[in-house]
């Protein structure tokens, strides 16, 4: 009986790992999809290597970081670093879905509270 329970538990754990490995790449692929679509439309260059990372998209004027709306805090810091490394203006492209307006509000509040210059681009899912 104990062996069967351990076998079932082991199988459930393995299946949960497989599920997680499929979920993470899907979201990353979606982010890349929006990044490519927007960057190509702007005539930008994708995945530009700089000290400390890669810029998602560099246009004539902006260093643009793409993130899903809940990751707005990460988007700010990466966009500002990439702007510093490229000599461009920082921009954060938030990939927005239904109900994500609260993240845009938090981002706007932060930018106004600390008088931070950052272009915000909304990309709709």
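Which length gain, in nm to one decimal place, applies between residue 74 and residue 122 when the Cα-Cα distance is subtracted from 0.36 nm times their residue separation?
15.7 nm is the gain from fully extending residue 74 to residue 122.
Exposure proxy check: 64, 58, 123, 50 ranked by fewest other beta carbons within 10 Å?
Arranged by neighbour count, lowest to highest, 64, 58, 123, 50 become 50, 123, 58, 64.
Quick check: pseudo-label points 7 Å beyond the Cα along Cα→Cβ at residue 51 and residue 115, how many nm apart are they?
Label at residue 51, label at residue 115, 2.8 nm between them.
Applying a 10 Å radius around every beta-carbon, put 83-93, 103-113, 30-40 in order of their mean neighbour count, most first.
Answer by packing, highest mean first, reads 83-93, 30-40, 103-113.
Go ahead and run the numbers for FRET between residue 30 and residue 106, Cβ-Cβ distance against an R0 of 25 Å, rounding to 0.05.
Taking R0 as 25 Å, the efficiency between residue 30 and residue 106 is 0.70.
Each reported figure results from applying straightforward, stated rules to the coordinates on display, with no laboratory input. This one's a predicted model, so the numbers in the text were calculated from it and none came from an experiment. Every residue, glycine as well, gets a Cβ built from its backbone with ideal geometry; the counts of neighbours run over all protein chains shown.
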